[in-house]
């Protein structure tokens, strides 16, 4: 499935490597943050990209087992 991302006035096709890099970033952050306290608070992550040309256009959400979204995306996912 093609995943298109907005960059200014353009649309670019996201690569599987890009998606995997975002997922690996979320997994790594959860692993690091879990070292600060109770690791069960850092068990899932979501990323959504609304505008690739802006840092504020890339959003991350994290949480623990008790608040895993009921979106059937698993523990780490890029929302498309």
Quiz item: Between residues in segment 1-30 that are at positive phi and modelled with pLDDT of 95 or more and residues that are outside any helix (DSSP H, G or I) and surrounded by 11 or more Cβ atoms within 10 Å (Cβ to Cβ), which pairs lie under 9 Å by C-beta distance while being six or more apart or on different chains?
Solution: 8/51; 8/52; 8/53
Practice problem: Within segment 8-23, work out how many residues are within 25 Å of residue 62 (Cα to Cα) and either touching a strand residue (DSSP E or B) at 6+ places or on another chain (Cβ under 6 Å) or surrounded by 10 or more Cβ atoms within 10 Å (Cβ to Cβ) (or both). | Solution: 8
Quiz item: Does residue 38 satisfy being loosely packed, with under 11 Cβ neighbours inside 10 Å and touching a residue at least 40 places away in the same chain (Cβ under 8 Å)?
Solution: no
Exercise. List every residue pair whose Cβ atoms lie under 7 Å apart, where the two residues are 6 or more positions apart in sequence or sit on different chains, the first residue falls within segment 46-60 and is surrounded by 14 or more Cβ atoms within 10 Å (Cβ to Cβ), and the second residue, located anywhere, is not in a strand (DSSP E or B).
Key: 46/69; 47/22; 47/26; 49/57; 57/50; 57/51
Practice problem: Scan segment 40-65 residue by residue and report those that are under 18 Å from residue 6 (Cα atoms) and touching a helix residue (DSSP H, G or I) at 6+ places or on another chain (Cβ under 7 Å). | Solution: 47, 49, 50, 51, 60
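The values are calculated or read from the model by the stated rules, or taken from the named source; none is laboratory data. Just so you know, these numbers come straight off a predicted model, no measurement behind them. For neighbour counting, all protein chains shown are included, and Cβ atoms are generated from backbone atoms with ideal geometry for every residue, glycine included.
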